[in-house]
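The values are calculated or read from the model by the stated rules, or taken from the named source; none is laboratory data. Computed from a predicted structure; not experimentally measured. So basically every Cβ, Gly included, is an ideal-geometry build from the backbone, and we count neighbours across all protein chains shown. Just the protein is used for accessible areas: all its heavy atoms, side chains included, with ligands, DNA and RNA removed. Shrake-Rupley method; radii C 1.70, N 1.55, O 1.52, S 1.80 Å.
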Amino acid sequence: MTATDSITELRGAVEGAARALRDGERTEPAPSLDRPPKPDLGDYSSNAAMLLAGPLGDDPRAVAERLRTELEASLGDTGDVDRIEIAGPGFVNLFLSDAWYRRALASLVAAGDGLGPPPTATPERILVEGPSANPTGPLHVGGGRLAAYGDAVARLLEAVGHEIEREFYVNDAGAQVGRFADSIAARMAGEEPPEEGYGGEYVTELAERVAAEGIDPGDREALGLRGIELMLEEVRATLDRFGVSIDTFASERAIYGRGEVESALAKLEEGGHTYRSDDALWLRTTTFGDDKDRVLIRSNGEPTYLTADVAYHWAKLQRGFDRLIDMLGADHHGYVARIRAAIAALGGDPDAFEAQIMSLVHVVEGGERVQMSKRSGEFVSLDDLLDDIGVDATRWFMLWRSHETTLDLDLELARSQSSDNPVYYVQYAHARIASILRKAGAAAEQAGAELDADSRVAVLEPSEKALIKRLLEFPEEVRMSAARRAPHRICAYSTAVAADFHAFYRDCQVIDAEGEGVQRSRLALCLATKRTIASALGLLGISAPERM
């Protein structure tokens with residue numbers, strides 16, 4: 001038995017009853033099985049009668065009565081339901097027995113750490129690319145949000161059975177590298193960087209390092225490439241510190257060196273998708289839905305940023321990935337259509353490309369945005385933030401709101417060790433359960449044994465049932481969060497689990513509870529809750545402490 005069996009079987013009973021009324025024909029969409037808004041409306045509710053009313057040509061409440069008869073016949077022998085009621089326009093409300101809850105709890109405990117959903121029936125090989133921040137400066141908080149989000153999405157996709165690789169695209173070619181080299185050279189000479197160059201103390205630090213290595217400031221190519229190498233070392237160290245692993249760092253310079261740009265341009269030309277105008281080479285992206293055609297090679301012979309990106313994404317598909325997911329900054333909305341158009345022009349499937357656009361993040365303290373980092377010169381660096389509030393708080397606050405929403409990261413809230421701080425609140429629930437299980441000693445090791453057959457267990461309290469139902473939602477939450485690329489749902493779910501646990505612990509004595517069976521059942525519930533919180537936090541890349 002897996003953790004999903006209890007809900008799956010219940011949903012199967014509802015769908016089976018619906019099919020019975022239609023002589024075996026399935027209902028599309030499938031009937032829902034949801035928790036109603038109020039406990040007095042039952043444990044679970046289904047809209048099956050409203051879906052069937054049209055095909056059966058009958059009143060929804062009359063259909064609901066027929067469904068109730070079918071469900072009582074199928075579930076009555078198992079002892080899973082106490083009663084079934086009809087409410088409103090025809091909702092079928094199920095009131096489940098304590099025996100059902102005990103079996104559900106036993107399935108949760110028996111699942112061990114395998115509390116997530118079963119693997120998808122259609123696994124994909126997916127390349128998640130990001131944060132791909134410019135290698136001309138330290139990773140800033142905006143890049144940190146991209147990194148946290150991309151890593152969490154990758155973890156969620158892995159959790160539902162996809163094969164994931166993580167890649168960081170390094171823009172180490174083009175005009176920005178020249179400006180970066182000029183900035184380092186200026187600092188080596190004790191001068192200010194050029195107007196469009198890079199400021200901040202980190203450039204001075206780089207100048208000192210490359211000078212010590214004996215690099216000639218006049219050799220701009222060597223200066224720029226070495227500067228990028230040193231910045232990438234810092235970026236890698238920051239990502240490692242942040243718990244974000246990258247499988248491959250892909251170099252734009254290498255894409256040109258391997259001839260991939262020339263190959264992509266030749267293929268586009270062969271397909272009739274490029275043309276010349278005003279001495280520039282254009283890609284006819286309007287053929288594939290873009291709002292205007294795009295320049296690939298400027299009139300001066302210099303490629304645009306798009307040129308290497310087209311070759312890069314085509315190369316990624318040629319490497320055998322079924323799906324490409326890019327994590328992009330807030331200023332990249334126009335980027336999506338042109339890349340999809342380029343993939344289509346090259347003969348690929350544009351639907352294989354997916355872009356997640358990240359909204360801005362602002363660091364706030366005392367109601368005011370935090371001043372720029374002195375070292376970075378233009379932004380708050382991710383390292384500065386990690387120094388201040390730590391990895392766990394940073395990841396949580398980067399993830400707890402939809403990536404499409406502008407985020408104000410409140411430093412005072414993130415630092416606080418109170419229930420007002422959501423990550424502290426969730427981690428504290430895990431640590432509290434760990435403390436309970438330590439105190440229980442040997443009794444905790446037997447938690448979950450024979451729960452479904454233990455007649456000595458008293459009637460379950462409402463808060464026990466509420467917590468069990470919440471834990472049973474975890475597989476579906478993971479599945480939905482992965483499908484929607486929405487790790488903020490896991491944050492919300494984790495907070496709800498913690499709240500339900502605190503309510504249970506308030507209402508129910510665990511250690512030395514009256515009756516051996518009651519203590520065993522409640523310890524089992526603690527164990528299942530602890531595992532669920534740890535699994536949820538793990539999907540976010542956040543630790544689950546045993547002590548706080």
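Of the trypsin sites (Lys or Arg not before Pro) in the range 10-42, the ones in a loop by DSSP (not H, G, I, E or B) with at most 12 other beta carbons within 10 Å are 22, 26.
The range 276-294 and the range 487-548 have Cα centres spaced 56 Å apart. Assuming charge only on the beta carbon of Lys and Arg (+1) and of Asp and Glu (-1), the dipole of the range 283-378 about its Cα centre is about 260 debye to the nearest 20.
Here the range 60-202 is treated with +1 on each Lys and Arg Cβ and -1 on each Asp and Glu Cβ, and its dipole about the Cα centre works out to around 580 debye.
Of the trypsin sites (Lys or Arg not before Pro) found in the range 207-286, those that fall in a DSSP loop while having at most 13 other beta-carbon atoms within 10 Å are 258. The calculated 222 nm mean residue ellipticity attributable to helices in the chain amounts to -16000 deg cm²/dmol, summing -39500 (n - 2.57) over DSSP H runs of n ≥ 4 and dividing by all residues.
Here's the picture: charge each Lys and Arg Cβ at +1 and each Asp and Glu Cβ at -1 in the chain, and of 283, 532, 468 the one pushed furthest to the positive end of that dipole is 468. Here the chain is treated with +1 on each Lys and Arg Cβ and -1 on each Asp and Glu Cβ, and its dipole about the Cα centre works out to around 960 debye.
Calculated accessible area for the chain comes out at 44 Å² per residue, all protein chains present (probe 1.4 Å; ligands, DNA, RNA ignored). For the chain, the number of Lys pairs separated by eight or more positions or lying on different chains, with C-alpha atoms closer than 23 Å, is 7. Going by a ≥ b ≥ c, the root eigenvalues of the Cα gyration tensor, does the chain fall in the rounded group (a/c under 1.5), the prolate group (a/b larger than b/c) or the oblate group? Oblate, because a/c is 1.5 or more while a/b does not exceed b/c.
Compared with the dominant Cα axis of the chain, that is its longest principal axis, helix 305-318 is turned about 50°. Taking the charge dipole of the range 80-171 about its Cα centre, with +1 at Lys and Arg Cβ atoms and -1 at Asp and Glu Cβ atoms, the residue from 111, 126, 161 reaching farthest to the positive side is 111. Computed from the C-beta positions of residue 253 and residue 332, the FRET efficiency with R₀ = 22 Å rounds to 0.55.
Here the chain exposes an accessible surface that is 47 percent carbon and sulfur, computed with a 1.4 Å probe and the other protein chains kept in place.
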